[in-house]
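The values are calculated or read from the model by the stated rules, or taken from the named source; none is laboratory data. Keep in mind it's a predicted model, so treat the numbers as computed, not measured. Using ideal geometry, Cβ is built from the backbone for each residue, glycine included, and neighbour counts are taken over all protein chains shown. When the accessible area is computed, the model is the full protein with side chains, heavy atoms only, and any ligands, DNA or RNA have been set aside. Shrake-Rupley method; radii C 1.70, N 1.55, O 1.52, S 1.80 Å.
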Amino acid sequence: MSHQQNVSLASVLEIFSQEIVARSGEVHNVVQDKSRLFARSVVPSVAEVLPNDQLQGGVALRATESEVWLSPYVFRLVCSNGAIMAHALQTQHLSDLDWQIPWLAEGSLHEAIQACYEPGAFASAVQEFRLATKVFVVPGPHLLSWLGQFGLSSTGLYQEIMDQFFREPDETRFDLTNAVTAVARETRNPEVRWRLEELGGAIAAGQVDPSPSRSPQANHRRRHSIPVLSVASPSRIQ
C-alpha cells in the first residue's frame, strides 16, 4: 500500500469531528503537525463534583500515521482543566492503520470513537472525581516517581505542580489532580500536555498510590513539612 493510500491525519481529525458533532459536541485543543495529531472534545454531559464545580465529559484523541489512541476525557468547567482517563475500560488503541485498507481503517476509527464515547465512561469518571475530593494526600517525592512513570522526569514540572498544589484549598487527591492539569493547561508541548493530563486522570482515579492517606483532621498540618525536593529525579522513560 502506498503512503498516498493511507488514512491521513486530516482524515482522522475529520472522522473524529464528525462523530463528536453528531453527538452535539465540539472539538477543541487541536494540535497537528506532519506526524502527530492531538485533539480533545466535549459533549453535553455535565455533572457536579462539588457545589458549583461541574465536570463535562468528552473524548481525547492522539494519533500518528499508524496508530490512534482514544480515551474518555473530563473537562472541569470552573478552571478549564482537562484530564484524560486512559485507565478507563472504554479507552481504545488502534494500531497498524498504515497497513490497512483505508475504508476498513476508517470504519475501525468510527467504531472506536463510538465505544470511547459510551455514557458509562463519564459516569465512572464522575464517581472517581467525587471520591478524590474525600481522600487527602501527601505527594512529596512520590510525584517525581509518577512523573518518571509517565515519561515526564523533570524537577521543573515537579516544582510547578507542587506550587500549584499548595494553592489548592484542601490538599486532596482532587486538588492534586487539579494541580497537575493546571500545569498541563499552560504547557505548550502537546506531548507533555497529553502525558500530564493522563497523569491527572490516573491520580483522580487512584491509579497511582499518592503516599499515605491522611484524615481530614490532619489537614491542618504545616505545609512546609512536605519534602519538596528530597530525592533525585528518576531516569527518563522513553
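Taking the Cα centre of the stretch 77-216 as reference, the dipole from Cβ charges on Lys and Arg (+1) and Asp and Glu (-1) amounts to some 420 debye. Each part gets one Cα centre, and for the stretch 86-153 versus the stretch 1-79 those centres are 12 Å apart.
Taking Cα centre as origin and charging only the Cβ of basic (Lys, Arg, +1) and acidic (Asp, Glu, -1) residues, the dipole magnitude of the stretch 16-58 rounds to 240 debye. Ranking Leu77, Ala60, Phe150 by how far each Cα lies toward the positive end of the dipole of the stretch 41-175 (charges on Cβ) leaves Leu77 at the top. Considering only Ile113, Ala125, Trp99, whose Cα is most displaced toward the positive end of the charge dipole of the stretch 44-138, charges sitting on Cβ of Lys, Arg (+1) and Asp, Glu (-1)? Among Ile113, Ala125, Trp99, the one farthest towards the positive end of the dipole of the stretch 44-138 is Ala125. Charge dipole of the stretch 1-132 (Cα centre as origin; +1 on each Lys and Arg Cβ, -1 on each Asp and Glu Cβ, all else neutral): 320 debye, rounded to the nearest 20. Estimated at the nearest 10 Å², the accessible area of Phe122 is 40 Å² with a 1.4 Å probe.
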